[in-house]
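Quick note: the coordinates plus some simple rules give every number you see, no bench work behind them. Predicted, not measured: the structure shown is a model, and the values here were computed from it. Every residue, glycine as well, gets a Cβ built from its backbone with ideal geometry; the counts of neighbours run over all protein chains shown.
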Amino acid sequence: MKLQLALAGLLAASFALPSVARADEWYVVQDVQTKHCTVVDKRPVTTTMTVVGPDGVIYKTRAEAENAMKTVKVCTND
């Protein structure tokens, strides 16, 4: 019984860990219609948002992404 419980816990953790590991990914994105830039924690999958910045860089912290957003030319006119 304990073995089954331990295996169930490991199985649940194996599904949860990849999503936790991705929590440190931040992107600078731009709305293609309004041209407004923002920082998000998930890569956009819609065509209404596009990743901007040097070669779609992935930032490790939100603060790092916000500072980088200030240097992206398409975002400086907000």
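The share of Cα pairs per 10 Å bin across the stretch 24-78, counted from zero up to the longest distance, runs 28, 60, 12 percent. Across the stretch 24-78, the relative contact order, built from alpha-carbon pairs under 8 Å that are at least six residues apart, equals 41 percent. Give me the one-decimal nm value for the distance between modelled label points at THR38 and ALA63, 7 Å along each residue's Cα-to-Cβ direction. In this crude spin-label approximation the distance works out to 2.3 nm.
The stretch between THR47 and ASP24, if pulled fully straight at 0.36 nm per residue, gains 6.0 nm over its current Cα-Cα span. The aspartates and glutamates within cross-link reach of LYS73, meaning a Cα-to-Cα straight distance under 18 Å and a gap of 8 or more places when in the same chain, are ASP31, ASP55, GLU64.
Under 5 Å from the amide H of MET49 lie the amide H atoms of VAL32, each residue being 5 or more positions distant or on a separate chain, with H modelled from the backbone and absent for Pro and chain starts.
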